[in-house]
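The block underneath contains the structure these notes are about, expressed in structure tokens.
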Amino acid sequence: MTTLFVSNRKNLTKNIFNLKYSHWIGSVLVSGVILLLWEVLALTLFAKHHVVPTPVSVVLKIWQDHFYSTDLQVTLSEAILGWVIGNTLAVVLAGLSLLLPKLESLFLSFGVMTYAVPTVAIGPLLFIIESPFDAKVTMSVLSVFFVTLASAVAGFRAASRTSLELISSFGGGKWAMLYKVRLRASIPSLVSGLSVSAPAAILGAMIGDYFGGQAGLGVVMLQAQQQLAVSRTWAVAVVATVVSGIFYALIVALAKVFGIGVAISTEADSVDPKDKKYPLPVSILFLVTKAIIGTILILLTWNLAVSLSGLSSFFVKTPIDIWNYLTLGSSAHLHQQVILQNLSITLYHAGSGWILGTVAAITGAIALILSPVLSKVIMPLILVLRSVPLVAMTPLIALIFGRGLVGVTMIAAMVTVVPSLVTISDGLKSSPGCALDVVSCAGGNHFQLLSKIRTMYALPALFTAAKISMPGAILGAVLAEWLVTGNGIGHAMAYDVTGSNFSNLWSCVTAIVVVSLVLYYLVNTMEKTIRSHLSVQ
């Protein structure tokens, strides 16, 4: 009997151990396969191109360079400060958009604008306005702000309608609803934004290094690229990737501690119980009106900020300057034609990348939700790969896929796929357990659970992913055109920076921002329409 008890106890301990650590073992095995494949490709297919070093040489270079500890500290200080500032502003504005609904369009328009502005275009201007450290922090803030804002707004709107009505019946106002119900309900969605923005903060700081500064991982990477030190370039990229992955893991771990017991509502509502209900056409008209008003307020704020800054009008242009550049003078028609032609090329690139990235994200999210083990094994690797500095990998991508449509599409898809995958996966997981149990008890299988329950409750996440990934795809296409192609609005802006044609540069930036705003509000209108018909929030 004692022997049997000891044997059963050992088997139970073994099973618990296997259950707890199996996904880590799987991740290690998959990582080993990737490293082996990397080694083989570096020694065979890419050997003559001298752009892909072996993993062994990269690790040796990291060790020889002492893990770039000094530069890493500089980049982390910039990224962490930018992450804190950007996310704090995002959460505060998301809360204010519920407390002050009339300002919601202004806040969201401002968020889209900050996200849509190409950092590669405004980076040099930031270094003129601010110190190198402040400029890099600003670029880090711009990289994280809108991602968290969109996630926070979606999370606040995921609060239970019953809970909101209960607070309202006891005399509680919007503030009580926000901190008693909405804040807690937002944790799952908010965590997605905070975790995805963690690598983005580091990448934003590293891109800032390309425009100035004496220290930082981006500075080391830029120097290595100029010296054709391939192993060091990859070594810096690996260090940045590992640190970004650790940053992400810490946020997820903290979220699990503070998010214990957070239930997903089966009746989440995007409106306050006291709000009036309007017919769908009227609601859409109100939405369009608020979008126009928000855009006008942003343009006025932009004009006022430039006027009060005291900066030279040679570098910084106001909306009036851009309007005059595009409408007045004998060359105005030519300016419009060139910008529209370049913009159409960029939108074609970005659209192709967005479609490819979104299809890949939806397919991957479905696969991960159907196989929890696969999710635990693959998801950490996907998030780590998202942390690889794109400015370092762009030459390799161009080498593999070419400098044409396919290469730019792949870069835009890479920017799109990971945030969309994380957001959609979290949305599919947000289905209430009671609804899943009903279908399961009726004999439903995993695919029926997916089609009948999970897909419906993932709609908010799907729209949130689109709002984030559409401007992201445009930025990815702009970056690719800036670095590797000879066409598109990204290439035009690179030429404008070199030739100090700031009127055309700001006109290109404005065109990108306007298109991003239009796409955002188009998705927002589609979301309102579908939700009003399906009554799913």
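Quick notes on this one:
- Enumeration of residues in segment 426-465 that are touching a residue at least 24 places away in the same chain (Cβ under 8 Å), outside any helix (DSSP H, G or I) and not hydrophobic (A, V, I, L, M, F, W, C): S430, S431, P432
- Candidates E104, E78: the one that is within 30 Å of A135 (Cα to Cα), crowded, with 18+ Cβ neighbours inside 10 Å, at pLDDT below 80 and among the charged types (D, E, K, R) is E104.
- Filtering segment 160-208 to residues that are of a type in the set (S, T, Y), in a helix (DSSP H, G or I) and in contact with a helix residue (DSSP H, G or I) (Cβ under 6 Å, 6 or more places away or on another chain) leaves S163, S189, S192, S195, S197.
- Filter result for V242 (modelled with pLDDT of 70 or more, of a type in the set (A, V, I, L, M) and surrounded by 15 or more Cβ atoms within 10 Å (Cβ to Cβ)): no
- Among residues of segment 163-175 that are touching a residue at least 24 places away in the same chain (Cβ under 8 Å) and buried (at least 18 other Cβ atoms within 10 Å of the Cβ), those with a beta-carbon under 9 Å from a residue that is of a type in the set (G, A, S) and assigned to a helix (DSSP H, G or I) at least six positions away or on a different chain give the pairs S163/A185.
- Residue match in segment 359-375 (condition: under 25 Å from the mean Cα position of the chain (by Cα), buried (at least 18 other Cβ atoms within 10 Å of the Cβ) and modelled with pLDDT under 80): yes
- All positions within segment 90-103 that are of a type outside the set (S, T, N, Q) and touching a Leu at 6+ places or on another chain (Cβ under 8 Å): A90, V91, L93, A94, G95, L96, L98, L99, L103
- The residue list S143, S131 contains one member that is at pLDDT 80 or above, among the polar types (S, T, N, Q), surrounded by 24 or more Cβ atoms within 10 Å (Cβ to Cβ) and over 21 Å from F286 (Cα atoms), which is S143.
- Number of positions in segment 219-229 that are surrounded by fewer than 20 Cβ atoms within 10 Å (Cβ to Cβ) and not in a loop (DSSP other than H, G, I, E, B): 3
The values are calculated or read from the model by the stated rules, or taken from the named source; none is laboratory data. Values in this document were obtained by computation on a predicted structure and should not be read as measured data. Cβ sites come from the backbone with ideal geometry, for glycine too, and all protein chains shown count toward neighbours.
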